[in-house]
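Heads up: the structure comes next, in structure tokens.
The values are calculated or read from the model by the stated rules, or taken from the named source; none is laboratory data. None of these values were measured; they are calculated from a predicted model. Reconstructed Cβ throughout: ideal geometry from the backbone, glycine too, with neighbour counts over all protein chains shown. Accessible surface areas use protein heavy atoms only, side chains included; no ligands, DNA or RNA. Shrake-Rupley method; radii C 1.70, N 1.55, O 1.52, S 1.80 Å.
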Amino acid sequence: MVAVPSTMLPLGTPVPDFRLPDPDGKLHGPADAAGAAGLLVAFVCNHCPFVIHIGPTLGQRASQWIDQGLAVLAINANDIDAYPQDGPDHMPAFAKQNGWNFPYLLDETQEVARTFRAACTPDFFLFDSDRKLAYRGQFDASRPGNNQPVTGDDLDRAVAAVLAKQPVPGDQIPSIGCNIKWKPGNEPDYHSA
């Protein structure tokens with residue numbers, strides 16, 4: 001397991017537009033969240049230990065954020081041929097087990113992940129009410145095996161700022177996780193093996 005950091009897309013980047021299917025084939029994208037106070041896009045998958053580590057807390061926090069007016073979309077961009085446990089047949093059960101009440105989408109072509117310059121799972125991108133990137137970085141300081149509690153505090157502070165229409169305070173620390181499992185020949189220029 002090789003841990004890689006987020007690419008830290010420049011703040012102020014407009015949200016890339018996309019439409020991706022959930023496992024039932026229903027399409028979702030930023031346009032569905034037009035009235036929301038902010039939009040969180042999270043790149044995740046089923047099998048990554050880093051995602052499994054934060055999964056239930058992400059579910060709890062996201063429920064609170066959604067109640068406060070944030071829209072949340074999760075995207076699985078892994079190569080499902082090489083990692084069938086990340087495939088759409090397994091996504092609904094994983095989401096349910098973690099209490100995820102937001103759309104969990106499949107980026108089978110990996111084009112959306114490339115557009116976001118997503119590098120790892122989990123990788124978080126928080127956009128403000130103008131759909132400009134306000135935060136990208138870690139959920140919190142917890143990692144599998146480092147004995148830090150899973151709180152979601154870093155991302156929660158950023159969400160609170162976005163909902164209050166304030167700049168996100170403090171340094172933004174890159175997320176760290178498993179590299180996105182690119183299909184052979186699909187690796188982006190920013191990918192490190």
Exercise. Ordered by packing density, taken as the mean number of other Cβ atoms within 10 Å over each peptide's residues, highest first, how do 42-48, 62-68 rank?
Worked result: 42-48, 62-68
Exercise. For the stretch 112-180, what is the accessible area per residue in Å² when the probe is 1.4 Å?
Worked result: 41 Å²
For this session: List the cysteines in the chain whose Cβ has no other cysteine Cβ under 4.7 Å from it.
Result: Cys45, Cys120
Exercise. Out of residues 5 or more away from His28 or on other chains, whose amide H comes under 5 Å of its own, with H placed 1.01 Å from N in the peptide plane?
Worked result: Leu20, Asp22
Exercise. Could you work out the helix-only [θ] at 222 nm for the chain, with each DSSP H run of four or more residues adding -39,500 (n - 2.57) and the total divided by the number of residues, to the nearest 500 deg cm²/dmol?
Worked result: -6500 deg cm²/dmol
Problem set entry | Values of log10 I(q)/I(0), in the order q = 0.24 Å⁻¹, for the stretch 1-104 under a Debye, Cα-only, solvent-free model | -1.54
Exercise. What is the dipole size for the stretch 55-112, taken about its Cα centre, with +1 at each Lys and Arg Cβ and -1 at each Asp and Glu Cβ, in debye to the nearest 20?
Worked result: 420 debye
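At a 10 angstrom cut-off on C-beta neighbours, averaged per residue, how do the peptides 21-30, 77-86 rank from highest to lowest?
Details: 21-30: 14.6, 77-86: 18.0.
Taking the mean over residues of other Cβ atoms within 10 Å, the ranking is 77-86, 21-30.
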For this session: Could you run the Karplus curve 6.51 cos²θ - 1.76 cosθ + 1.60 with θ = phi - 60° over the stretch 134-140 and give me ³J(HN,Hα) per residue in whole Hz, x for Gly and Pro?
Result: 9, 7, 9, x, 6, 5, 6
For this session: Report, ordered by chain and residue number, the lysines lying within cross-link reach of Lys132, taken as a straight Cα distance under 23 Å and ignoring same-chain residues fewer than 8 apart.
Result: Lys165
Seminar exercise, completed: Calc'd 3J(HN,Hα), the stretch 68-76, phi into Karplus 6.51 cos²θ - 1.76 cosθ + 1.60 (θ = phi - 60°), Hz, glycine/Pro = x, comes to 8, x, 8, 9, 10, 10, 10, 10, 9
For this session: On each of the three principal axes of the Cα atoms of the chain, give max minus min coordinate, whole Å, ordered largest first.
Result: 42, 38, 34
Exercise. What residues qualify as long-range amide H neighbours of Phe127, i.e. H under 5 Å apart, gap of 5 or more or another chain, H built at 1.01 Å from N?
Worked result: Leu39, Leu40, Val41, Ala134
For this session: Based on the mean of other Cβ atoms within 10 Å per residue, sort peptides 145-151, 9-15, 94-100 so the most packed one is first.
Result: 94-100, 9-15, 145-151
Seminar exercise, completed: Heavy-atom accessible area of the chain with neighbours in place, 1.4 angstrom probe: carbon+sulfur share in percent works out to 52 percent
